[in-house]
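Structure, as structure tokens:
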Amino acid sequence: MHEATPIAFITGATSGIGAACARRFAEAGWSLVLSGRRQDRLEALQAELQSDRVAVHALAVDLADSEVVQAAIDTLPEAFQRIRVVINSAGLALGKGPAQQAELADWHRMIDTNIKGLVTVTRLLLPHLIATGPGATVINLGSIAGHTPYPGGHVYGATKAFVEQFSYNLRCDLAPHGVRVTDLAPGMTESEFTLVRMKGDAGIAEEYYRGTRALQPDDVARQALHIAELPPHVNITRLEVAPICQQWSPFTILRDE
Ligand code: 8X3
């Protein structure tokens, strides 16, 4: 790998927006550190993207296990240590029923991945980003659900509100080092996201996207690449992106019968 080749560290790289970012950044000539839970998918993506131009290091880790994540980052090969961009894409929603019917274990899992996993990776990579200096960027995948409440959004939306505020606070501390932070907040994106949220019920997932033209993961990946390749003095603080088919709703007014 050429000394000047920029490196992107992408979590949740085995599907959806994470995988699309891996492909977009590879196409733009970036080398990659890809993390994900599913080793087979990770290896397939590595084989697909590795080339004379693009070096790929794969980390099969579960972000909920911070010791394993720490060990993986501590032992990053020398050639992959000068990280320019971190894309915290790993995250999930589980369930869309009302809070009072939700599984507590699902809430804990969303908090473990969307919050604990994200802060773990970010904290461990800060020394690398600071060493890279101006132009280094943390891109955290938030969501419109972090701003807009909706029925069944409960803990998922709250984790994304955390991501937004964490991104802003992080930016305050990192700005003196020239490190930028962005909350990249997509709306409805057609990916495994809904299948996972609906616990594998393909019928519900299909119905959700029926007749829509939702964002595709690559639509979001393009935004990530744009954010990363802006001149170093430009920090997009928050970028919300939604498909034209997804609109806000009027307030729901509950009335006595
Ligand atoms: C996902 C966006 O609209 O499905 O982060 O809640 S939405």
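Any residue in region 221-236 that is within 12 Å of the ligand (Cβ to nearest atom), aliphatic (A, V, I, L, M) and within 18 Å of residue 191 (Cα to Cα)?
Restricting attention to region 221-236, the residues satisfying the condition of being within 12 Å of the ligand (Cβ to nearest atom) are none.
Checking region 221-236: not a single residue is within 12 Å of the ligand (Cβ to nearest atom), aliphatic (A, V, I, L, M) and within 18 Å of residue 191 (Cα to Cα).
Quick test for you: out of 81, 39, 50, 70, pick the one residue that is touching a His at 6+ places or on another chain (Cβ under 8 Å), surrounded by fewer than 17 Cβ atoms within 10 Å (Cβ to Cβ) and among the polar types (S, T, N, Q). Talk me through it step by step, then tell me what you get.
Numbers: 39 fails: touching a His at 6+ places or on another chain (Cβ under 8 Å); 50 fails: touching a His at 6+ places or on another chain (Cβ under 8 Å); 70 fails: touching a His at 6+ places or on another chain (Cβ under 8 Å).
Exactly one residue qualifies, and that residue is 81.
Specify which of the listed residues (202, 221, 214) is farther than 30 Å from residue 174 by Cα, of a type in the set (Gly, Ala, Ser) and surrounded by 15 or more Cβ atoms within 10 Å (Cβ to Cβ). Write out each step before concluding.
On the way: 202 fails: surrounded by 15 or more Cβ atoms within 10 Å (Cβ to Cβ); 221 fails: farther than 30 Å from residue 174 by Cα.
214 is the lone residue from the list that is farther than 30 Å from residue 174 by Cα, of a type in the set (Gly, Ala, Ser) and surrounded by 15 or more Cβ atoms within 10 Å (Cβ to Cβ).
Of the conditions (1) under 27 Å from residue 82 (Cβ atoms); (2) within 15 Å of the ligand (Cβ to nearest atom); (3) surrounded by 20 or more Cβ atoms within 10 Å (Cβ to Cβ), residue 239 satisfies every one except a single condition; which number is it?
(3)
Suppose the filter is at pLDDT 95 or above and touching a Gly at 6+ places or on another chain (Cβ under 8 Å); does residue 246 pass it?
On the way: at pLDDT 95 or above: yes; touching a Gly at 6+ places or on another chain (Cβ under 8 Å): yes.
Considered against the rule, which asks whether it is at pLDDT 95 or above and touching a Gly at 6+ places or on another chain (Cβ under 8 Å), residue 246 comes out as yes.
Quick one: would you say residue 28 is modelled with pLDDT of 95 or more, surrounded by fewer than 21 Cβ atoms within 10 Å (Cβ to Cβ) and over 15 Å from the mean Cα position of the chain (by Cα)?
Numbers: modelled with pLDDT of 95 or more: yes; surrounded by fewer than 21 Cβ atoms within 10 Å (Cβ to Cβ): yes; over 15 Å from the mean Cα position of the chain (by Cα): yes.
Yes.
What residue, of 215, 184, is within 12 Å of the ligand (Cβ to nearest atom) and under 14 Å from the mean Cα position of the chain (by Cα)? Write out each step before concluding.
On the way: 215 fails: under 14 Å from the mean Cα position of the chain (by Cα).
Of the residues listed, the single one that is within 12 Å of the ligand (Cβ to nearest atom) and under 14 Å from the mean Cα position of the chain (by Cα) is 184.
Quick test of your reading of the structure: residue 171 fulfils all but one of (1) away from the ligand (no atom under 12 Å from the Cβ); (2) under 22 Å from residue 69 (Cβ atoms); (3) among the basic types (Lys, Arg). Name the failing condition by number.
Evaluating residue 171 over (1) away from the ligand (no atom under 12 Å from the Cβ); (2) under 22 Å from residue 69 (Cβ atoms); (3) among the basic types (Lys, Arg) leaves (2) as the failure.
Mind telling me which of the residues 56, 33 ends up being closer than 17 Å to residue 122 by Cα, touching a helix residue (DSSP H, G or I) at 6+ places or on another chain (Cβ under 8 Å) and crowded, with 16+ Cβ neighbours inside 10 Å? Break it down stepwise before answering.
Values: 56 fails: closer than 17 Å to residue 122 by Cα.
Answer to the check: 33.
Condition first: hydrophobic (A, V, I, L, M, F, W, C) and touching a residue at least 60 places away in the same chain (Cβ under 8 Å). Now tell me which residues in region 209-231 satisfy that. Give the steps one after another, and end with the answer.
Narrowing region 209-231 to residues hydrophobic (A, V, I, L, M, F, W, C): 214-215, 220-221, 224-225, 227-228, 230.
Correct list: 220, 221, 224, 225, 227, 228.
May I ask you to verify whether residue 252 is among the β-branched types (Val, Ile, Thr), more than 13 Å from the ligand (Cβ to nearest atom) and at pLDDT below 95?
Values: among the β-branched types (Val, Ile, Thr): yes; more than 13 Å from the ligand (Cβ to nearest atom): yes; at pLDDT below 95: yes.
It is true that residue 252 is among the β-branched types (Val, Ile, Thr), more than 13 Å from the ligand (Cβ to nearest atom) and at pLDDT below 95.
Take the residues in region 153-168 that are more than 10 Å from the ligand (Cβ to nearest atom) and among the small types (Gly, Ala, Ser), then tell me which one is farthest from the chain's Cα centre (by Cα).
It comes out as 158.
Would you pick out the residues in region 94-152 that are hydroxyl-bearing (Ser, Thr, Tyr) and either farther than 15 Å from residue 166 by Cα or within 16 Å of the ligand (Cβ to nearest atom) (or both)?
Result: 113, 132, 143, 148, 150.
The values are calculated or read from the model by the stated rules, or taken from the named source; none is laboratory data. Please read all numbers here as calculations on a predicted model, not as lab measurements. So basically every Cβ, Gly included, is an ideal-geometry build from the backbone, and we count neighbours across all protein chains shown.
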